[in-house]
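The values are calculated or read from the model by the stated rules, or taken from the named source; none is laboratory data. The shown structure was predicted, so the numbers you read here are calculated from the model rather than taken from an experiment. Cβ atoms come from the backbone with ideal geometry, glycine included; neighbour counts cover every protein chain shown.
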Amino acid sequence: MHLDLLFVHAYLITMQGEGVGFIEDGAVGILANKIICVGRTEDILKEYEADRCIDASGKVVMPGLIDAHIHTGDCLIRGVSQDINNWMQHGIWPYSNVLRKDTDAVLKGSMLNILEGIKAGTTTFCDFDSPMTEIIQNHVKIGSRVKAAEMINDMPKVNKSKVGELYPLDEEEGKKKLQRNIDLIEKWHGKENGRITCMFGPQGADMCTKEHLLEIKSLAEKYDTSIHMHVAQGDREINQMVQRYGKRTIPFLDEIGYLNDRLIAVHLTEATEEETEYLASKGAGMVLCSGSIGIIDGIVPPAAAFLRKSNRLALGTDQAPGNNCNNMFNEMKFTAILNKCKAKDPSVFPAWKVLRMATIEAARTIRLDHEIGSLEEGKKADLIMIDMSKPNLSPVILKPIRNIIPNLVYSAKGNEVEMVVIDGKIIMENYHVNTVDEKKVVSEAQEAAERIAEKAKDLFRGMENTPLMQMMHRGEL
Ligand SMILES: [Zn+2]
């Protein structure tokens, strides 16, 4: 049989079965956007030939990584709000106020963020942002797979409440945002050969009215899609929920019927182990953003408790201002190390398991495992090739102990990813993304970021305890 593309002699990590499905001298064949064959090179070459046959000797070929939670529109404010408490109120909002009025800047940042991810082997992005109908066109252009949600909240345009005060909700504002999410689904769900899928995105249970959350739930059933939501994100949210409803987030969500397999619950930073186990046992998925939550809150979320009841645990990089990189290799390493430290046990969160959380188990969490997450006949052709001869990934040892998986999780930086194939198309080859002009993406983002920083300056005047004030106190300005 004749194929379009065939990788041979790879260290093949299929992620089939319960482990990593390793084949020492493996091959994978692609026709159009589908994987046609996976197996030993010797066997595959007996049956298949291809327009292009790539010798992957000394290289890993594996499923593309899945970033299950990212706000690509925040990329331009990378690194501006670090090392402070109340990150959202003191760090992000002053910049966000300026950034979010400048759609061109949001789009330039988003493209930079997607480029960053692809170059580090991310092929699928759960992009949770606004205005998503425009951001999604970046994914169309660069060729990434995306599961997108418009961020819906009922927060008033101007929010003057102080830290700890119950913030007002403005349902009229929320209605416009919900309509944008509906428009996104109607316009884009299933488009680009199925590479684009959409879901609903209430920002958090504290930021929407109960009526609005109930409406979103029935719409998700109508469109048969997921609900992607920050859940128990920080003590700020729990505070708001207790003040407004007299209940913590997870019992509240249970009461309004949110705890089921449609829910992709992001963070669970403040969830108790009991709440987390309960949410997992009801079938909801969890996204763990180790780097982001570590930097923003200094917390390791209760992922270990989640895993006691469910495997639907995925990893996400969250956003550039609070991570600060959107690189799934970084995320895997953080996840393994932080959870070992939390448990005071080096045997928990082993490398092979964390790699599953960035591939097949992520696909299950976001309900795309019928299409992606493993190299299997009939699945979509999303894969990456990694050069294991780079100094930090060498040497490769196969027997008696195989070191490839630990080296990928603990030693790789992401820039060893040499080739990226998404939906059967080569998006990156020889380390160069071929669907956009990389230099132009970076320089346009730089220009837009300078514009945002200039405008944000004024908003910081009069605020206390911001990163800007701290820098001034230290004499860094
Ligand atoms: Zn987030």
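One table, with the values for the structure above:
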quantity: Residue pairs meeting the criteria (Cβ under 8 Å; at least 6 apart or on separate chains; first in contact (Cβ under 8 Å) with a residue 60 or more places away in the chain, in the range 329-347; second among the aromatic types (Phe, Trp, Tyr)); calculated: Lys333/Tyr410; Ala336/Phe349; Ala336/Tyr410
quantity: So Gly21, is it touching a strand residue (DSSP E or B) at 6+ places or on another chain (Cβ under 8 Å) and in the same structural domain as Glu116 (by TED's automatic domain parsing); calculated: no
quantity: Subset of the range 37-76 (residues that are surrounded by 24 or more Cβ atoms within 10 Å (Cβ to Cβ), away from the ligand (no atom under 16 Å from the Cβ), not in a strand (DSSP E or B) and not aliphatic (A, V, I, L, M)); calculated: Gly64
quantity: Residues (among the polar types (S, T, N, Q) and free of Cβ contacts under 8 Å to residues at least 40 places away in the same chain) located in the range 28-50; calculated: Thr41
quantity: Scope the range 229-252; condition in contact (Cβ under 8 Å) with a residue 24 or more places away in the chain, in contact with a Lys or Arg (Cβ under 8 Å, 6 or more places away or on another chain) and at negative phi; matching residues; calculated: Ile238, Met241, Tyr245
quantity: Residues satisfying the stated conditions in the range 77-88, i.e. touching a Ser or Thr at 6+ places or on another chain (Cβ under 9 Å) and more than 15 Å from the ligand (Cβ to nearest atom); calculated: Ile84
quantity: Count - residues of the range 209-230 that are crowded, with 20+ Cβ neighbours inside 10 Å and not in a helix (DSSP H, G or I); calculated: 5
quantity: Among (1) under 28 Å from Ala271 (Cα atoms); (2) part of a loop (DSSP other than H, G, I, E, B); (3) modelled with pLDDT under 95, the one test that Asp206 misses; calculated: (3)
quantity: Any hit, the range 255-263, residues being more than 16 Å from the ligand (Cβ to nearest atom), part of a helix (DSSP H, G or I) and touching a residue at least 40 places away in the same chain (Cβ under 8 Å); calculated: no
quantity: Subset tally (residues that are closer than 22 Å to Ala358 by Cα and either surrounded by fewer than 18 Cβ atoms within 10 Å (Cβ to Cβ) or of a type in the set (S, T, N, Q) (or both)) for the range 236-276; calculated: 4
quantity: Residues satisfying the stated conditions in the range 84-118, i.e. aliphatic (A, V, I, L, M), part of a helix (DSSP H, G or I) and either closer than 19 Å to Ala456 by Cα or not assigned by TED's automatic domain parsing to the domain that holds Ala148 (or both); calculated: Met88, Ile92, Val98, Leu99, Ala105, Val106, Leu107
quantity: Residue match in the range 81-99 (condition: within 29 Å of Arg312 (Cα to Cα) and touching a residue at least 12 places away in the same chain (Cβ under 8 Å)); calculated: yes
quantity: Only one of Ser389, Ser347, Ser394 that is hydroxyl-bearing (Ser, Thr, Tyr) and in the same structural domain as Gly294 (by TED's automatic domain parsing); calculated: Ser347
quantity: Matching residues, the range 333-361, being among the acidic types (Asp, Glu) and closer than 18 Å to Thr122 by Cα; calculated: Glu361
quantity: Flag if Ala362 is within 16 Å of the ligand (Cβ to nearest atom), crowded, with 20+ Cβ neighbours inside 10 Å and over 25 Å from Ile84 (Cβ atoms); calculated: yes
quantity: Candidates Gln203, Gln233, filtered to the one that is over 17 Å from Leu169 (Cα atoms) and crowded, with 20+ Cβ neighbours inside 10 Å; calculated: Gln233
quantity: Residue match in the range 143-163 (condition: touching a residue at least 60 places away in the same chain (Cβ under 8 Å) and of a type in the set (D, E, K, R)); calculated: yes
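This table checks each residue for (1) modelled with pLDDT under 95; (2) more than 23 Å from Met88 (Cβ to Cβ); (3) not assigned by TED's automatic domain parsing to the domain that holds Phe125.
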| residue | (1), (2), (3) |
| --- | --- |
| Ser281 | no, yes, no |
| Leu288 | no, no, no |
| Gly291 | no, no, no |
| Ile295 | yes, no, no |
| Ala305 | no, yes, no |
| Leu313 | no, yes, no |
| Thr317 | no, no, no |
| Ala358 | no, yes, no |
| Asp382 | no, yes, yes |
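This table checks each residue for (1) in contact with a strand residue (DSSP E or B) (Cβ under 7 Å, 6 or more places away or on another chain); (2) within 16 Å of the ligand (Cβ to nearest atom).
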residue: Gln203; (1), (2): yes, yes
residue: Cys208; (1), (2): yes, yes
residue: Leu213; (1), (2): yes, no
residue: Ile216; (1), (2): yes, no
residue: Ala220; (1), (2): yes, no
residue: Asp224; (1), (2): no, no
residue: Met229; (1), (2): yes, yes
residue: Gly234; (1), (2): no, yes
residue: Ile238; (1), (2): no, no
